[in-house]
Amino acid sequence: MTSRSKERVAAAFRRIFRGAPERNESPSSPLKVVPKTQGGPATVQAAASSPMASPARRLLRCRDAVSPAANLDIAANAGVVPAQPNKSSRLHFPGASFFKSKRKQAAAPQAANSSSSLASSSSSTSKTSSNPLEQSSGHGKAVRTKRLMKELKEIQKLQRATPQPNFTAELVNDNLYEWHVRLYAIDPESDLARDMREHGITYVLISFSFPDNFPFAPPFMRVVSPRIEKGFVMEGGAICMELLTPRGWASAYTVEAIVMQFAASIVKGQGRIARKPKGSKEFTRRTAEDSFRSLVKTHEKYGWVTPPLADG
């Protein structure tokens, strides 16, 4: 508040308290309004309970006893408020608008700061929760990595502990999600084992590719070498096993369980080494993927029925 405003407020209070209220003879009527005269403003007579009553007490009594219209009339004649009362019918003193403007100016930056903080918090929340698919995919990749590292360590530990393991596993170009598995455990009494001894082949090389959502989805598996016919081995080396399809897969299956299941099914299906490759299709992974999708659609339509052994 400026010095000028302070002086105006002090002058207004001096005008109000200039005329000391006179005692009222009747104790039952503590205040009495004297009508406005031609030569001066209206005055208020008050019967104070004590002659030493403070001006503040007298002011409060005047405010409680005199009607709002009389208050406005007194203040207007004293030069404090305009003669026309406003809608709220309250006394306004000089400097009130000054305090109100100061409060508004102080509240404005606070409101701006609060709105900006709310906006920043909402934007940060939207950033963290705007891409749930990315969050789920990142979590799935972490699960896949942890699971494959654990299984690879167990297989390598078994390889070192066993002089002649049933199978071995190694990474393709140090890629944790691409494995080459060498299967040695083939039933020695089977036709496939005899063919392997005849051709000097000691193992069946199998390729594993693990998707991003492994172990909740099955890996893609194909025979790389030798080229085998029958034994549930399809074109391109694709393998017809219900265990490798989304319907027959379970996250509890391990790589070891898949390899052992394949070793049993290839013997059960009377697999043989192909002496003369049939057909003109290339023996590639793409051919194997196309063949696997086709057989999955067929089995989903007609069910998984094991064909006769003669059909492979």
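The values are calculated or read from the model by the stated rules, or taken from the named source; none is laboratory data. Given the structure is predicted, the values throughout are model-derived calculations rather than measurements. Here the Cβ is made from the backbone with ideal geometry for all residues, glycine too, and neighbour counts use every protein chain on show. All accessible areas refer to the heavy atoms of the entire protein, side chains included, with ligands and DNA or RNA removed. Shrake-Rupley method; radii C 1.70, N 1.55, O 1.52, S 1.80 Å.
Tabulated results
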quantity	calculated
Where residue 205 falls short, out of the listed (1) crowded, with 17+ Cβ neighbours inside 10 Å; (2) in a strand (DSSP E or B)	(1)
Residues of segment 213-263 satisfying the condition of being open to solvent by 60 Å² or more (accessible area, probe 1.4 Å), aliphatic (A, V, I, L, M) and assigned to a helix (DSSP H, G or I)	260
Neighbours by Cβ (under 9 Å, 6+ apart or cross-chain): first from segment 149-167, of a type in the set (D, E, K, R); second assigned to a loop (DSSP other than H, G, I, E, B)	151/254; 154/254
Complete set of residues in segment 164-202 that are outside any strand (DSSP E or B) and among the β-branched types (Val, Ile, Thr)	186, 201, 202
Residues satisfying the stated conditions in segment 151-166, i.e. open to solvent by 100 Å² or more (accessible area, probe 1.4 Å) and more than 44 Å from the chain's Cα centre (by Cα)	160, 163, 164
